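Rule-based calculations on the coordinates, nothing more; no lab input. Computed from a prediction, not measured in an experiment: that's the story for all the values here. Every residue, glycine as well, gets a Cβ built from its backbone with ideal geometry; the counts of neighbours run over all protein chains shown.
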Amino acid sequence: MRKLMLFLLLLVVVNALFAEIQTGSTSGIDTSGEFILQGSTLPEIKLGFTRRFIFPFLQGESPLTEGNNINLALTADISPISLNGYADAVWTPIAFFQIAAGGRIGSGWNLKLGDNDVYGIGINFSDSEGKAKVSGNAFDGLLWKTYIGAALQADLAAVFPGDWNHIVFRSYHETNYKGYTQAASGESWYYENDDGENINGFNYYGNFLIGYQMPIFINLAAFLAEMDLYLYDTPNRNQWGDEKIRWTFSNIITHLTHKHKFECFRINLEMQPLLFSLRQNKLGILMRNDLALFFV
C-alpha cells in the first residue's frame with residue numbers, strides 16, 4: 001500500500017511538472033501554469049509547478065463582488081530532500097475576504113553533506129548519549145496534511161488605482177492536521193530539515209503580510225510575520241512551552257523573470273528569516289513555504 005501511494009505521488013508530480021501548458025479561457029474558466037523557484041539565505045531551494053483553474057462564482061456588479069471566483073490550484077514541487085503534491089481551493093466571496101481548504105502529500109530522503117546531516121524525513125529520537133538522531137530511509141513513509149482557513153486582504157490600488165499604488169496587506173489563519181505515516185502517537189518527526197518537533201495532530205498557523213507590488217522585474221517586496229501553535233496535547237506541555245505561539249519573521253522578494261499570456265516564472269526569496277521560539281528561549285532560523293503567501 002505504501003509503495004502504491006508513493007508511486008501515485010510520483011505520478012502526480014511528474015505529470016504536473018511536464019504537462020503541456022494550455023492556458024486561456026474556456027466557457028469563462030481561466031487556466032494558467034506557473035513555475036516557481038523558491039530559496040532562502042539558509043540556504044534552501046525548491047522548484048515547483050502550479051496549474052491554476054479560476055471559475056467565476058457568484059459575481060456581482062459592484063467593485064467588491066465583480067471578481068468573485070473559486071481558484072483551484074494543483075501543485076508539485078521537488079527539493080534536494082523531498083517530493084510533494086498539493087491541492088488547494090480558494091473561494092473569494094468578496095474582494096477582501098477568502099476561504100481556503102486543501103491538502104498536501106509528500107515524502108523525502110536524508111542526505112549527508114560533509115559533517116552535516118540533512119533530514120528529509122524520519123523519526124526524531126535520542127541515542128544512548130542523548131544526541132538527536134533520525135530513524136528512516138528514503139520514501140520510508142508519507143507526510144500528509146489537510147487544512148481549512150480564511151484570509152482578509154487589502155490593496156491600496158483598489159481605492160487609488162495605479163500601477164505603482166499596490167501597497168498590499170494580507171492576514172491568513174488556518175487550522176490544519178499534519179501526520180507522518182511511520183510515526184506512532186506522541187513520536188516526534190522531521191520533514192524537510194525542520195526542527196524535528198512535529199507530532200501527528202492538529203495545529204494552528206497564521207500570518208500577516210504587508211508589501212509593495214511593482215510593475216517591474218522585482219514584482220513584490222514584503223515583510224512577513226508567521227505564527228505556529230500546537231493544538232494537540234503532549235506530556236509536560238507547559239514545561240516545554242508547547243502551549244506558546246512560535247513566531248517567524250521574514251523578508252520576501254519576488255522576482256518575476258518571465259511572464260506572458262500562458263505562463264510565468266518567478267523566483268521567491270525569503271531573506272534572513274528568524275524564528276523566535278519561547279520553548280527554546282533563543283533565536284533560531286527557519287524558512288517557511290506556503291502557497292497562500294505569494295500574490296500572482
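Things worth noting here:
- The chymotrypsin sites (Phe, Trp or Tyr not before Pro) found in segment 78-128 that occupy coil by DSSP, while having at most 16 further C-beta atoms within 10 Å, are F96.
- Separation of the S171 and L37 label points, Cα + 7 Å toward Cβ, nm: 3.6
- Residue-wise HN-Hα coupling along segment 45-57, computed from phi with Karplus coefficients 6.51, -1.76, 1.60 (Hz; x: Gly, Pro): 8, 8, 10, x, 9, 10, 9, 10, 10, 10, 10, x, 8
- Between A89 and S62, the distance separating the two model label sites (each 7 Å from Cα on the Cα→Cβ line) works out to 2.6 nm.
- Long-range HN-HN contacts of S188 with modeled amide H, under 5 Å: N124
- Radius of gyration over Kirkwood radius for segment 118-195, both on Cα atoms: the Rg/Rh ratio is 1.28.
- Gain in span if fully extended, F160 to K244, counting 0.36 nm per residue against the direct Cα distance: 26.3 nm
- Modelled label reach - T181, point 7 Å along Cα→Cβ, segment 93-129 residues with backbone N closer than 13 Å: 105-108
- The trypsin sites (Lys or Arg not before Pro) of segment 58-135 meeting both criteria, a DSSP state outside H, G, I, E and B (loop) and at most 16 other C-beta atoms within 10 angstrom of the site's C-beta, are K131.
- DSSP-loop chymotrypsin sites (Phe, Trp or Tyr not before Pro) across segment 131-177, with at most 14 other Cβ within 10 angstrom: W164
- Packing-based exposure ordering (other Cβ within 10 Å, fewest first) of D195, D140: D195, D140
- Hull-based mean projected area of segment 176-225, where the convex hull spans the alpha carbons, in square nanometres: 5.3
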